[in-house]
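One structure below.
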Amino acid sequence: MGQRGRKKGTNGEIRRNLLLQIAAEEFSKNGYHETKISTIVQRANVTQPSFYLYFQSKEAIFQELIAIFRDQLVAFVQQSRLETGMEKGTIENEIKKKLTTIFSFFKEQSDLTWIGFYMAKESSEIKNQLASQVKENLRKEQEDGYFRADVDMEMVADSLIGIIERLTETKLLKGVIEPEELANEIVHLLLYGMIS
């Protein structure tokens, strides 16, 4: 055994990851209260006692899913900061690529996204943390001369998170638009506005 209640080894890791994947699907589809451990273990083809080798409770597996979402999202946002010294002509495409990466994560991990971004009581805290990271990225990029000095980057960060949150729910997760197209639309709107 590794950490408390967790089996070590390849088969144990495979089984544990399968339980996480199925739990994410069940929570996303049915909500926290309607999701049953018995359904998760039945779908994973393991016994209920096996579940407890990996997770102490339904709350524990749910919290782990939230932590996975948060950690992966934080990593993507940290990697999204524009490097110092870029040529101005490359900035738009670089922003599009980085935003596409985040939207691709949301689409590929749609169950995890639904849990971490919308279901979890910690979702507001996650979005606040995300906005804070984006604000720091934008301020650094502003210092590097990529954006106008008179723009309030806290307002931009909050606006961007609102746009991302809403369009992920209404367009991306419903399959209305692909990650790259969504990123292109957002970047074009933010960089060039709406005036013809």
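The values are calculated or read from the model by the stated rules, or taken from the named source; none is laboratory data. Not measured: the values here are computed from a predicted model. Every residue, glycine as well, gets a Cβ built from its backbone with ideal geometry; the counts of neighbours run over all protein chains shown. In case anyone asks, the SASA skips ligands and DNA or RNA and just uses the protein heavy atoms, side chains included. Shrake-Rupley method; radii C 1.70, N 1.55, O 1.52, S 1.80 Å.
Please work out which residue is most open to solvent (accessible area, probe 1.4 Å), limiting yourself to segment 36-53 and to residues that are closer than 27 Å to K107 by Cα and touching a helix residue (DSSP H, G or I) at 6+ places or on another chain (Cβ under 7 Å).
If we take residues in segment 36-53 being closer than 27 Å to K107 by Cα and touching a helix residue (DSSP H, G or I) at 6+ places or on another chain (Cβ under 7 Å), then R43 is most open to solvent (accessible area, probe 1.4 Å).
If I filter segment 155-196 down to residues being hydroxyl-bearing (S, T, Y) and either modelled with pLDDT under 95 or farther than 19 Å from V77 by Cα (or both), which single residue comes out as most open to solvent (accessible area, probe 1.4 Å)?
If we take residues in segment 155-196 being hydroxyl-bearing (S, T, Y) and either modelled with pLDDT under 95 or farther than 19 Å from V77 by Cα (or both), then S196 is most open to solvent (accessible area, probe 1.4 Å).
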Out of K127, K140, sole residue that is open to solvent by 20 Å² or more (accessible area, probe 1.4 Å) and under 21 Å from the mean Cα position of the chain (by Cα)
K127
Looking at (1) closer than 17 Å to S80 by Cα; (2) surrounded by fewer than 19 Cβ atoms within 10 Å (Cβ to Cβ), find the lone condition where D152 falls short.
(1)
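How about segment 137-177: which of its residues are outside any helix (DSSP H, G or I) and either touching a strand residue (DSSP E or B) at 6+ places or on another chain (Cβ under 6 Å) or without any contact (Cβ under 8 Å) to a residue 24 or more places away in the chain (or both)?
Once the filter is applied, which keeps residues that are outside any helix (DSSP H, G or I) and either touching a strand residue (DSSP E or B) at 6+ places or on another chain (Cβ under 6 Å) or without any contact (Cβ under 8 Å) to a residue 24 or more places away in the chain (or both), segment 137-177 yields G145, F147, R148, A149, D150, V151, D152, K174, G175, V176, I177.
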Out of all the residues in segment 1-55, which are of a type in the set (S, T, Y) and modelled with pLDDT of 90 or more?
S28, Y32, T35, S38, T39, T47, S50, Y52, Y54
Pairs, please: C-beta under 9 Å, at least 6 apart or cross-chain, first residue within 18 Å of H33 (Cβ to Cβ) and in segment 107-122, second among the acidic types (D, E)?
D111/E25; D111/E26; W114/E169; G116/E122; Y118/E165; Y118/E169
